[in-house]
1. I'm checking my understanding of the structure. Among residues of the range 203-217 that are farther than 16 Å from G176 by Cβ and within 18 Å of the chain's Cα centre (by Cα), which one is surrounded by the fewest Cβ atoms within 10 Å (Cβ to Cβ)?
2. Only residues that are at pLDDT below 90 and either part of a helix (DSSP H, G or I) or more than 19 Å from L133 (Cβ to Cβ) (or both): list them for the range 147-163, please.
3. So if I check each of A331, A326, which one is closer than 28 Å to P23 by Cβ, touching a Ser or Thr at 6+ places or on another chain (Cβ under 9 Å) and small (G, A, S)?
4. Mind checking which residues of the range 29-42 are more than 26 Å from R258 (Cβ to Cβ), touching a helix residue (DSSP H, G or I) at 6+ places or on another chain (Cβ under 6 Å) and crowded, with 19+ Cβ neighbours inside 10 Å?
5. Go through the range 262-277 and give me each residue that's surrounded by 23 or more Cβ atoms within 10 Å (Cβ to Cβ), β-branched (V, I, T) and outside any loop (DSSP other than H, G, I, E, B).
6. Given the conditions (1) modelled with pLDDT of 75 or more; (2) surrounded by fewer than 17 Cβ atoms within 10 Å (Cβ to Cβ); (3) among the hydroxyl-bearing types (S, T, Y), report the number of the one that S79 does not fulfil.
7. If I filter the range 21-28 for residues that are buried (at least 24 other Cβ atoms within 10 Å of the Cβ), under 24 Å from M218 (Cβ atoms) and either at pLDDT below 95 or in contact with a strand residue (DSSP E or B) (Cβ under 8 Å, 6 or more places away or on another chain) (or both), do I get at least one hit?
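The values are calculated or read from the model by the stated rules, or taken from the named source; none is laboratory data. Here the structure is a predicted model, which means the values were calculated and not measured. Don't worry about glycine lacking a Cβ; one is built from the backbone with ideal geometry, like all the others, and counts go over all protein chains shown.
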Amino acid sequence: MLLEGLHIPLTTPFHPDGRLNLPKLAANVVRYSKSSAAGLLVLGPSGEPTLLTDDETHEVLRVAVQAAAPEKILIAGISRDSVHATLDLAEFAAEQNYDAILVGVPDFLALESGYSRLDSDQRPIPLSKNSLLERRTFFQTVADSSPLPVILLNMPSRTIPVPVARTVSSHPNIIGLYGTNYSVEIQSALIASLLDHTASIKREDTVTPTFAAVTARMKAAATQASASLVSADSLAADRTAAATTAAEAPPTPSLRTRTKSVGFQIICTNAPRMLDALNSGAVGIAPPIAAAAPQACYEVFAAWKDQDQPLAQEKQQRLLDAALLAGTFEAGALKYAADLNGYFGGLPRLPHLPPTGIQRAALEQLMKQLRN
């Protein structure tokens, strides 16, 4: 699956009493589908996924895929602590025609910056070989049985150690890494390391004639349309009817495609580091602020794609203050920023809290220049 472009991490709408607001989710997806984004991430870190029950997770995944435009890549965030639970959700996502799954380090293996704990002098203790093996085994086992391609989720509270990332990145069903929340130097080194390690791994992916991704829903729609065609002869009830029936069937709908050789793909989620990541070899961006300002985020990628570095830098700088402020106050602030641009953000689910009056005023000021 080709992952180039902007991917919008969706927020999850709730009613004031905390119930899922599925109609608002569908409305958001319909509007995001009209943007220039390549894809949508459902129940990623911005979607408060750990606060949903399994039934609610199924509902969100189902409603989002029903509302999304067929040409948008759909990635399902399905991280769970066990291999069994993760694969159950992977099966469901495949049934719903998602294109890939996003899987992170389980909570009980969560770590900061490649270290599991501190010693008596508060110095980080490197992970043991067994700890690294647990993480590697988790990802490899999921990838072995997943019906969908796997994208690794790398985030501050669930950092994937570089040795683990290098090892599992060569798995044939692990196609990319989502999230590179490091300093410029470490991020560039990580991307270079992964791309160097996987340089010999190339997959032949199906794309459109303009080299855009061909999604599972596009393939399903083309197959269904072809199967529904009826020959002219079969429409005739008898010889007399056959004589008056149109001689030709309607044109057969087809999905014109070609192939493209694709390697291991990296999607940057850190707004201040997007251009650095793209220049280092990343193929996509997915900053959380894209849920509130997708057009502003897409313009960064578009300018970079056009090789206009000064414009790309200007576009990235334009959204940084809003991105950093929304990120500082997490789910509630990001949702309020989305409200300001006509998307439904609403309230976060407890124990997440909405932004304060001062925080809202600051976001209102910053979002003025990011209106779609």
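1. A212
2. Restricting attention to the range 147-163, the residues satisfying the condition of being at pLDDT below 90 are 155-163.
Result: M155, P156, S157, V162, P163.
3. Details: A326 fails: touching a Ser or Thr at 6+ places or on another chain (Cβ under 9 Å).
None of the other options fit; the residue is A331.
4. Residues satisfying the conditions are V29, V42.
5. Across the range 262-277, the qualifying residues are I266, I267.
6. (2)
7. No, the range 21-28 contains no residue that is buried (at least 24 other Cβ atoms within 10 Å of the Cβ), under 24 Å from M218 (Cβ atoms) and either at pLDDT below 95 or in contact with a strand residue (DSSP E or B) (Cβ under 8 Å, 6 or more places away or on another chain) (or both).
Each row is one residue, and each column tells you yes or no for (1) among the hydrophobic types (A, V, I, L, M, F, W, C); (2) surrounded by 20 or more Cβ atoms within 10 Å (Cβ to Cβ); (3) touching an Asp or Glu at 6+ places or on another chain (Cβ under 7 Å).
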position: K305; (1), (2), (3): no, no, no
position: D308; (1), (2), (3): no, no, no
position: A312; (1), (2), (3): yes, yes, no
position: K315; (1), (2), (3): no, yes, yes
position: L319; (1), (2), (3): yes, yes, no
position: L325; (1), (2), (3): yes, yes, no
position: A331; (1), (2), (3): yes, yes, yes
position: Y336; (1), (2), (3): no, yes, no
position: G345; (1), (2), (3): no, yes, yes
